[in-house]
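Have a look at the structure below, then the notes.
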Amino acid sequence: MKGRMAYMDEPGRISIREYDLPKTVEPGAALLEVIQTNVCGSEIHIFNGHHPTMRTGGLGHEMIGRIVELGEGTETDGAGQPIQVGDRVVPVYTINCMKCPACLKGYPSHCEHTFTYFMQQDTPPYFHGATFATHYYLHPGQFFFKVPDTVADGEAAAANCALSQVMVGIDVADVKAGQNVVIQGAGGLGLNACAVAKDRGATVIIIDPVPLRLELAREFGADHVIDLSEHNSSEARVQHIRDLTDGWGPDVVIEVTGVSEVIPEGLDMIGVGGTYVLIGSIGFGHPCDFDPAYAVRKLIKIVGVNRYHPKYLHGALKFLERTKDRYPFGRLLDKCFSLDEVQEAIESSARREFARATIVP
């Protein structure tokens, strides 16, 4: 039997390729059928040629899949829950060996083997390290978790990237009830961050240029939304946010835009003793100028957040289960594409024509 995959032949050009499905699944491994996979900002960066090493191969990492075959000894998920063929699961898209120096120092998100299978789709079992495909191969030792029955496919599809990632950022910032949190960007990361911050009891202000996204932000609990077209200068936005925070400025600012030009504005608006969390700026080659005196004089803590410990994916699924009636996670994915339409999905996502694109192979 064969499966299909969207393969980036070079930045800016995708074709659909066929590969043989594995005849056997090795002990401790599993083969998944991809139910749903989403376009994340990182795919846009890679597709546009902004990644320093990823120039060709399969794309995609945010997904939910269904088990179609289990290797010998694969009996439980990463939380010890029994699994069987037919179960829906979400994988940690990176490898965490828990043995290398990074893992032993407490940074499994930066394991030496993190991207072992990325851009390796011409090597058997082919369907690994990329989710824009009909199938996905879980290697032995790769963390994955069973999706609760009460959580829908579309709600869980973003758990292993967007939701888990912002949960790390909000933990790092130690967001507390009663604090003011500004989120720069209302894409997938920003809307998930809004829900998590609201669940912590924070007052949330979210900034974005797309009215559709700002409407969704209100549904995700945002107390205030700021449209860039209405407050079209940095000075106006900073002053408006200070007015909304009793003149003090926010306690936490979270950057999820991937646009480095917003960083000086975030440092300007934040209050004394605040924390600035950088999540979206994953692409190299986009420096910005900022005055370090802002950080020194206002005692600002600047933190970079990238990837996550596997425990956060388990926590993300529990969060979805607990808050499924409170936030419209299913509505985050408002444009559906087929596997043959992956290139269109990425290009239209880059143009911000909708909130988020999902692909149903």
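The values are calculated or read from the model by the stated rules, or taken from the named source; none is laboratory data. This is a predicted model, so every value here is computed, not measured. Neighbour counts are summed over all protein chains in view; Cβ atoms, including those assigned to glycine, are modelled from backbone coordinates with ideal geometry.
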TODO: Restricting attention to the stretch 79-98, report how many residues are assigned to a loop (DSSP other than H, G, I, E, B), at pLDDT 95 or above and over 26 Å from residue 3 (Cα atoms).
DONE: 3
Open item on the list: Between 88, 17, 55, 4, which is of a type in the set (D, E, K, R) and in contact with a Leu (Cβ under 8 Å, 6 or more places away or on another chain)?
Closed with: 4
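Being over 23 Å from residue 315 (Cα atoms), of a type in the set (A, V, I, L, M) and within 19 Å of the chain's Cα centre (by Cα) is true for just one of 207, 183, 226, 254. Which residue is that?
Working: 183 fails: over 23 Å from residue 315 (Cα atoms); 226 fails: within 19 Å of the chain's Cα centre (by Cα); 254 fails: over 23 Å from residue 315 (Cα atoms).
Sole residue among the options that is over 23 Å from residue 315 (Cα atoms), of a type in the set (A, V, I, L, M) and within 19 Å of the chain's Cα centre (by Cα): 207.
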TODO: Report, ordered by the first and then the second residue, all pairs with beta carbons closer than 6 Å, sequence separation of six or more or different chains, a first member in the stretch 236-251 that is small (Gly, Ala, Ser), and a second member that is at pLDDT 95 or above.
DONE: 249/242; 249/269; 249/270; 249/271
TODO: With the condition kept exactly as written, say whether any residue in the stretch 28-46 is in contact with a Gly (Cβ under 6 Å, 6 or more places away or on another chain), surrounded by 20 or more Cβ atoms within 10 Å (Cβ to Cβ) and of a type in the set (S, T, N, Q).
DONE: yes
Open item on the list: If I ask for residues that are surrounded by fewer than 17 Cβ atoms within 10 Å (Cβ to Cβ), more than 22 Å from the chain's Cα centre (by Cα) and closer than 20 Å to residue 125 by Cβ, which ones from the stretch 63-101 would you list?
Closed with: 68, 72, 73, 85
- [ ] List the number of the failed condition for residue 264; all other conditions in (1) without any contact (Cβ under 8 Å) to a residue 60 or more places away in the chain; (2) under 22 Å from the mean Cα position of the chain (by Cα) hold.
- [x] (2)
Task: Breaking point among (1) in contact with a strand residue (DSSP E or B) (Cβ under 9 Å, 6 or more places away or on another chain); (2) among the small types (Gly, Ala, Ser); (3) within 19 Å of residue 306 (Cα to Cα), for residue 49 - done: (3)
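Can you name the residue in the stretch 90-121 that is touching a strand residue (DSSP E or B) at 6+ places or on another chain (Cβ under 9 Å) and in contact (Cβ under 8 Å) with a residue 40 or more places away in the chain and, of all such residues, is nearest to residue 16 (Cα to Cα)? Quick ask: steps written out before the conclusion?
Taking the stretch 90-121 and keeping what is touching a strand residue (DSSP E or B) at 6+ places or on another chain (Cβ under 9 Å), we get 90-93, 117-121.
If we keep only those that are in contact (Cβ under 8 Å) with a residue 40 or more places away in the chain too, we end up with 90-93, 118-121.
Numbers: 90: 24, 91: 23, 92: 25, 93: 21, 118: 17, 119: 15, 120: 16, 121: 12 Å.
The selected residue is 121.
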Task: Candidate set: the stretch 7-27, residues that are charged (D, E, K, R) and surrounded by fewer than 17 Cβ atoms within 10 Å (Cβ to Cβ); chosen: the one farthest from residue 342 (Cα to Cα) - done: 26
TODO: Out of the residues in the stretch 319-333 that are surrounded by 14 or more Cβ atoms within 10 Å (Cβ to Cβ) and either charged (D, E, K, R) or without any contact (Cβ under 8 Å) to a residue 12 or more places away in the chain (or both), state the one that is farthest from residue 186 (Cα to Cα).
DONE: 321
- [ ] Would you tally the residues in the stretch 267-295 being more than 19 Å from residue 203 (Cβ to Cβ), of a type in the set (Gly, Ala, Ser) and in contact (Cβ under 8 Å) with a residue 12 or more places away in the chain?
- [x] 5
TODO: Considering each residue of the stretch 210-230, count those that are more than 17 Å from residue 163 (Cβ to Cβ) and either hydrophobic (A, V, I, L, M, F, W, C) or touching a residue at least 40 places away in the same chain (Cβ under 8 Å) (or both), and give that number.
DONE: 6
